[in-house]
Amino acid sequence: MDRLPRLDRIDLNILAELQRHGRITNADLADRVGLSPSPCLARVKRLERAGYIAGYGARLDLARLFRVQVVYTSVTLDNHRREDFDTFEAGLRSVEELTECHLVSGGFDYLLKFVVRDVAHYQSLVEGLLDRHIGISKYFSYIVIKSPILRGEVSVKSLA
């Protein structure tokens with residue numbers, strides 16, 4: 001197994017800057033983290049190779065593009081064998097409206113996040129999942145009314 005490189009303060013600063021400003025030029029990034037461009041680029045490449053940087057992309061403001069509804073769904077499975085979890089997860093992989101799936105502890109098994117056009121779209125989607133017989137015993141839906149705090153980034157410095 002490859003050993004992951006240790007992260008120092010400069011690496012964490014690079015990751016924080018890239019998380020906030022993914023399109024920043026290497027020269028500007030180097031300036032912000034206190035390096036010259038060549039060593040900065042070498043560090044970014046090392047962080048990419050190590051898998052600390054999973055990719056680059058644009059955060060879209062979906063509400064400006066479309067009418068959308070976010071729905072969280074708690075799911076309890078019929079049975080709790082390994083194959084039941086595998087069947088359920090495999091049954092969800094092709095659902096494009098599903099943006100997050102978490103196996104959780106507590107009063108249910110999974111917490112799902114869907115982004116759909118409206119409640120009717122969500123209901124149709126859930127009915128389709130139930131028709132697939134992927135092990136859903138019960139589910140509860142939580143319609144998001146308002147999202148006063150949405151962060152597109154996590155403070156890597158606070159986690160270090």
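Electrostatic bookkeeping for residue 63 treats Lys and Arg as +1 and Asp and Glu as -1; over the other residues with beta carbon under 14 Å from its beta carbon, the sum is +3. Apolar share of the accessible surface for the range 36-160: 53 percent from carbon plus sulfur atoms, 1.4 Å probe. Charge dipole of the range 25-114 (Cα centre as origin; +1 on each Lys and Arg Cβ, -1 on each Asp and Glu Cβ, all else neutral): 540 debye, rounded to the nearest 20. Taken as Cα centroids, the range 1-34 and the range 118-160 sit 31 Å apart, rounded to the nearest whole angstrom. Basic side chains Lys and Arg get +1 at the Cβ, acidic Asp and Glu get -1 at the Cβ, and with that the dipole of the chain about its Cα centre reaches some 680 debye.
With protein chains left intact and a 1.4 Å probe, residues in the range 48-112 average 72 Å² of accessible area per residue.
With all protein chains in place and ligands, DNA and RNA left out, the 1.4 Å accessible area ranks 6, 32 as 6, 32, largest first. Compared with the dominant Cα axis of the chain, that is its longest principal axis, helix 119-131 is turned about 70°.
Under the convention that each Lys and Arg Cβ holds +1 and each Asp and Glu Cβ holds -1, the size of the dipole of the range 3-43 around its Cα centre is about 160 debye.
Which chymotrypsin sites (Phe, Trp or Tyr not before Pro) in the range 55-160 sit in a loop by DSSP (not H, G, I, E or B) and have at most 13 other Cβ atoms within 10 Å of their own Cβ?
When the chymotrypsin sites (Phe, Trp or Tyr not before Pro) of the range 55-160 are filtered for loop state and at most 13 Cβ neighbours within 10 Å, 56, 66 remain.
Of the trypsin sites (Lys or Arg not before Pro) in the range 53-126, the ones in a loop by DSSP (not H, G, I, E or B) with at most 15 other beta carbons within 10 Å are 59, 67, 81, 93, 117. Here's the picture: charge each Lys and Arg Cβ at +1 and each Asp and Glu Cβ at -1 in the range 1-119, and of 55, 66, 15 the one pushed furthest to the positive end of that dipole is 15. To the nearest 10 square angstrom, what accessible area does residue 4 show with a 1.4 Å probe? Its accessible surface works out to 100 Å², give or take rounding. When the chain is treated as a GNM with alpha-carbon contacts under 10 Å, the residue of 104, 115, 75 showing the greatest mean-square fluctuation is 104.
The values are calculated or read from the model by the stated rules, or taken from the named source; none is laboratory data. Not measured: the values here are computed from a predicted model. All Cβ positions, even for glycine, are placed from backbone atoms using ideal geometry, and neighbour counts span all protein chains on display. When the accessible area is computed, the model is the full protein with side chains, heavy atoms only, and any ligands, DNA or RNA have been set aside. Shrake-Rupley method; radii C 1.70, N 1.55, O 1.52, S 1.80 Å.
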